[in-house]
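Engineer: One structure, as structure tokens, below. Some questions next.
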Amino acid sequence: MYAEDIQKNVTLIKRNIDEACRVSGRSTREVTLMGVTKTVDVDAIREIISCGIKDIGESKIQDATRKHSHISQEVNWHLIGHLQTNKVKHAVQIFDYIHSVDSVKLARVISLRAEEIGKTIKIFVEVNVSGEETRYGFSHEDVAPAIEEMLLMNNIQVVGLMTMAPFTDDPECARPYFKQLRELKESINAKNSVDKELSELSMGMSNDYPVAIEEGATVVRVGTALFEASSEI
Ligand SMILES: *Cc1c(COP(=O)(O)O)cnc(C)c1O
């Protein structure tokens, strides 16, 4: 029963992704559907993997470590929650991607800890596009110089920018923030003194991923819409 709900949800979400790509003239190959599994356990994770999802997002190190040890399939593990420097040592062991890099210091610690275990971690630099005080992330002005420093670190690869739009019921309200993140990425790539382009935009959640895709998202982080019983199909 539950497995069936998940399968239906995956089908519906993939259809919505296809549609958002179609209306914005993008290829579906440019968009990765990350399953955010912070509220579910390993059975549900196995189910979305069997539906073809290869990217798993978790927000807490301890939960993720336990779940990771039970999943044998080759998938990409993404940390999407806030990361404290004293937990980086554990984070680099299981995660391939860290989406919540919000300081140069954190990036430096990730690079050092990754070096100790011979890994390179792909990172997204988190931007607080809405400027809300309760949110993590760099301000618009600070992000470009921070990235210049991060690009010189050995064991991280800066792949792109990440943001969380303010929560609203109307996904159209999130559009300007997604657009801003895309424009920020373009301006950083245009000015960048090091020859490494940011290619990724991690933006869009259950309530607004189609809009995020229309505005250029390459990774959408979807939790609730995957795991909630749905009556939409
Ligand atoms: C929980 C979470 C998501 C997924 O949110 P849903 O609304 O359940 O899809 C995405 N990104 C981050 C950073 C989250 O913490």
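Engineer: When we measure straight from the Cα of Lys8, which aspartates and glutamates land under 15 angstrom away, once same-chain ones fewer than 8 places off are left out?
Structural biologist: Glu47, Glu228, Glu232
Engineer: Here's a follow-up. Over the chain, average the accessible area per residue using a 1.4 Å probe and give it in Å², no decimals.
Structural biologist: 49
Engineer: Name the lysines eligible as straight-distance cross-link partners of Lys60: C-alpha to C-alpha under 25 Å, and not fewer than 8 places from it in the same chain.
Structural biologist: Within the straight-line limit of under 25 Å, Lys60 reaches these lysines: Lys38, Lys87, Lys89, Lys105, Lys119, Lys122.
Engineer: Using a 1.4 angstrom probe on heavy atoms only, work out the carbon and sulfur share of the accessible area of the chain in %. Present the calculation step by step, with values, prior to reporting the outcome.
Structural biologist: Numbers: 5400 of 11480 Å².
Ligands and nucleic acids excluded, carbon and sulfur reach 47 percent.
Engineer: Take the alpha carbon gyration tensor of the chain, find the square roots of its eigenvalues, order them as a ≥ b ≥ c, and report rounded if a/c is under 1.5; if not, report prolate when a/b exceeds b/c, else oblate.
Structural biologist: oblate
Engineer: As an exercise, identify the GluC sites (Glu not before Pro) in region 83-169 lying in DSSP coil whose Cβ has no more than 14 other Cβ atoms within 10 Å.
Structural biologist: Working: sites: Glu115, Glu116, Glu126, Glu132, Glu133, Glu141, Glu148, Glu149; in loops: Glu132, Glu133.
Counting only loop positions with at most 14 other Cβ atoms within 10 Å, the GluC sites (Glu not before Pro) in region 83-169 are Glu132, Glu133.
The values are calculated or read from the model by the stated rules, or taken from the named source; none is laboratory data. Note that this is a predicted model, so its numbers are computed, not measured. Heads up, the Cβs are rebuilt from the backbone with ideal geometry, glycines too, and the neighbour counts pull from every protein chain shown. The accessibility values were calculated without ligands, DNA or RNA, using every heavy atom of the protein model including side chains. Shrake-Rupley method; radii C 1.70, N 1.55, O 1.52, S 1.80 Å.
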